[in-house]
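The values are calculated or read from the model by the stated rules, or taken from the named source; none is laboratory data. Source: prediction; values computed, not measured. So basically every Cβ, Gly included, is an ideal-geometry build from the backbone, and we count neighbours across all protein chains shown.
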Amino acid sequence: MSNLIMMPQGTRESILLSALTLFHEKGFDATSVQEITDAAGCTKDTFYLFFDTKFDLLIKMEEKLFTDIDNIISKELAVITNDPFAQIDRALDECFLYAKNTNLTLIRLSHTSEILGIIEEDKIAEKYISLLVDKISGFISKGIEKGHFRALNPKVYGRIICDFVHQMVEALITDQHPVDFEVLKPEISIIVRKILEKKESK
């Protein structure tokens with residue numbers, strides 16, 4: 001622990017950034033720990049003070065992404081107000097802002113077949129998406145109880161909304177979608193509102 005305390009503050013971040021660049025350029029399997037430490041300007045001993053293995057480094061990269069999104073959802077949707085659709089809009093705004101301001105190389109790397117295979121094998125995404133679905137479902141359930149949303153199955157629609165938003169943002173980030181963040185966000189907001197809002201009585 002004392003060795004970690006003595007390390008410069010930017011050492012861990014430098015290792016992560018160097019690894020990210022190399023993973024993007026060469027691929028995860030083709031990149032060695034030695035190459036990462038050479039690029040970061042540190043020794044392998046220093047690398048192993050922060051990470052157990054190259055795989056551990058990758059997992060920590062991915063966990064940071066999922067944790068940041070989870071924190072946004074927790075902050076915006078933990079309780080329900082009298083205007084839940086405004087809360088949903090704020091959550092979408094925060095998620096889109098995070099995606100725009102985060103290193104897109106990392107997000108794009110996370111969606112390559114090589115990295116997806118590793119993530120799926122370790123069940124990282126499955127664990128965090130399950131947590132997100134639970135939080136969205138809980139928010140929907142509270143909205144139904146308070147009469148803001150129409151009667152539906154919160155768990156089912158929590159999953160539908162989570163998957164829908166994730167797929168739209170993923171398509172945009174990986175350049176499969178022809179529009180930008182500013183165009184896509186309000187469209188997602190409209191669709192989510194249509195899913196949840198109560199139908200007016202005729």
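Things worth noting here:
Per-residue answers, yes or no, for (1) more than 27 Å from residue 56 (Cα to Cα); (2) at pLDDT 95 or above; (3) of a type in the set (Ser, Thr, Tyr):
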| site | (1), (2), (3) |
| --- | --- |
| 117 | no, no, no |
| 140 | yes, yes, no |
| 143 | yes, yes, no |
| 148 | yes, yes, no |
| 159 | yes, yes, no |
| 169 | no, no, no |
| 173 | no, no, no |
| 177 | yes, no, no |
| 191 | yes, yes, no |
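- Residue list for segment 68-92, restricted to those being assigned to a helix (DSSP H, G or I), out of contact with any Ser or Thr (no Cβ under 9 Å at 6 or more places or on another chain) and either assigned by TED's automatic domain parsing to the domain that holds residue 21 or not basic (Lys, Arg) (or both): 69, 70, 71, 72, 73, 74, 76, 77, 84, 86, 91
Residue by residue, here is whether (1) closer than 22 Å to residue 160 by Cα; (2) β-branched (Val, Ile, Thr) holds:
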site	(1), (2)
100	no, no
106	no, no
117	no, no
124	yes, yes
133	yes, yes
136	yes, yes
141	yes, no
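- Meets criteria (in the same structural domain as residue 184 (by TED's automatic domain parsing), assigned to a helix (DSSP H, G or I), in contact with a Leu (Cβ under 7 Å, 6 or more places away or on another chain) and surrounded by fewer than 16 Cβ atoms within 10 Å (Cβ to Cβ)) for residue 105: yes
- Enumeration of residues in segment 28-66 that are under 21 Å from residue 112 (Cβ atoms) and either assigned to a loop (DSSP other than H, G, I, E, B) or β-branched (Val, Ile, Thr) (or both): 28, 29, 30, 31, 32, 33, 36, 51, 53, 59
- As a summary of the residue check, residue 25 satisfies the conditions (1) outside any loop (DSSP other than H, G, I, E, B); (2) surrounded by 14 or more Cβ atoms within 10 Å (Cβ to Cβ); (3) out of contact with any Asp or Glu (no Cβ under 7 Å at 6 or more places or on another chain); (4) not assigned by TED's automatic domain parsing to the domain that holds residue 165 except for the one numbered (2).
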